[in-house]
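Data first, discussion second: the structure below is written as structure tokens.
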Amino acid sequence: MDNMTYFTYTLLEPTGSKSFRHIYFTCFLFLYILILFVNIWVSVVIILERALHQPMYIFLCNLCINDILGATGFYPKFLHDLILDSYVIPSYMCALQAFVIYSSVTCDCSTLTVMAYDRNVAICKPLIYHTKLNKFSCGILISLCWIPSFIFMTIAVVLSNRLKLCNYHIDKLYCDNWSMVKLSCESTAANNIYGLIVISFYLGMSIFIIVSYIRLIIACKASLESRRNFWQTCVPHIITMINFAVAAFFDTMHTRYGSSNISPILRDFLALEMFIVPPLFNPVVYGFKLKEVRKRLLKSCVNIMKQ
């Protein structure tokens with residue numbers, strides 16, 4: 001088939017979709033609205049409150065905006081499929097969905113790495129914190145969260161688009177790059193090597209995060225104030241990192257090494273966990289755990305209720 005010709009993929013139908021698609025639609029629409037609400041709320045509060053214009057909260061705002069992007073890459077198409085009971089997608093939209101979703105995933109990893117670096121400098125080197133993390137360096141770090149993610153995924157999509165396909169059924173609820181690659185009749189060695197390079201790059205970031213927090217835990221033994229600071233500002237980061245790591249691990253293992261013998265319920269859970277837990281969990285954890293964010297979120301809620 002000519003790679004310039006548009007064609008259609010079929011996607012996996014959720015388990016029990018024939019009987020419960022209206023219930024599924026209602027539940028996932030509520031989830032999507034809730035995800036948008038909590039992430040937009042936290043982002044707007046951080047943007048409007050000058051007291052929160054600090055590196056830690058700016059990076060949190062970036063994480064929330066990225067979670068909105070990732071959720072928007074998945075939910076509208078999934079809701080469309082549920083309400084019409086038609087699980088098909090044009091090839092160009094499939095490539096776009098894969099690009100948006102996995103750009104968001106890799107950007108999440110980069111943002112968590114930057115947040116770990118921020119906490120490391122704040123606790124281990126507090127005297128030079130504002131020198132190292134000024135407005136310019138924060139802008140550079142946020143750019144480094146987004147630009148490599150877009151570049152990596154653009155190359156991945158271009159590499160997969162050059163392949164001739166023998167099948168057009170993606171065995172997932174949404175499009176991802178590796179699922180498209182697996183449908184090829186040609187050698188996918190270049191795609192596989194490139195994918196492993198990207199995975200290794202972000203695995204290296206994950207190792208950096210783990211090492212950073214080990215250093216922080218050791219450093220915080222020195223004083224009660226350091227331990228208090230660690231508990232207030234680092235625990236949300238650790239919870240978020242664990243949450244993200246579990247979701248990314250499940251998705252990667254399911255996409256690359258998933259078995260046809262896996263139960264349909266577990267298969268759907270592995271596919272959906274990444275779009276439900278991290279984008280909903282992250283703003284809630286930070287909103288309730290970080291004192292300054294919690295205080296201003298409650299203040300904004302009170303002001304809205306008074307109007």
Within the range 73-102, the residues that are out of contact with any Gly (no Cβ under 8 Å at 6 or more places or on another chain) and open to solvent by less than 10 Å² (accessible area, probe 1.4 Å) are Phe74, Tyr75, Phe78, Asp81, Leu82, Ile89, Cys94, Ala98
If we keep only residues of the range 49-72 that are free of Cβ contacts under 8 Å to residues at least 40 places away in the same chain and more than 24 Å from Tyr102 (Cα to Cα), then the residue most open to solvent (accessible area, probe 1.4 Å) is Arg50
Condition check for Arg215: farther than 22 Å from Glu273 by Cα and modelled with pLDDT of 80 or more: yes
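Matching residues to (1) polar (S, T, N, Q); (2) in contact with an Asp or Glu (Cβ under 6 Å, 6 or more places away or on another chain); (3) open to solvent by 30 Å² or more (accessible area, probe 1.4 Å); (4) not in a loop (DSSP other than H, G, I, E, B):
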site: Cys175; (1), (2), (3), (4): no, no, no, no
site: Ser179; (1), (2), (3), (4): yes, no, no, yes
site: Ala190; (1), (2), (3), (4): no, no, yes, yes
site: Ile193; (1), (2), (3), (4): no, no, yes, yes
site: Ile199; (1), (2), (3), (4): no, no, yes, yes
site: Tyr202; (1), (2), (3), (4): no, no, no, yes
site: Phe208; (1), (2), (3), (4): no, no, yes, yes
site: Ile218; (1), (2), (3), (4): no, no, yes, yes
Check: Does Leu159 meet the test of being open to solvent by less than 30 Å² (accessible area, probe 1.4 Å) and under 27 Å from Tyr87 (Cα atoms)?
Finding: no
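The values are calculated or read from the model by the stated rules, or taken from the named source; none is laboratory data. It should be emphasised that the depicted structure is a prediction, and the values quoted were computed from it without experimental measurement. Here Cβ is always computed from backbone atoms with ideal geometry, including for glycine, and neighbour counts include all displayed protein chains. When the accessible area is computed, the model is the full protein with side chains, heavy atoms only, and any ligands, DNA or RNA have been set aside. Shrake-Rupley method; radii C 1.70, N 1.55, O 1.52, S 1.80 Å.
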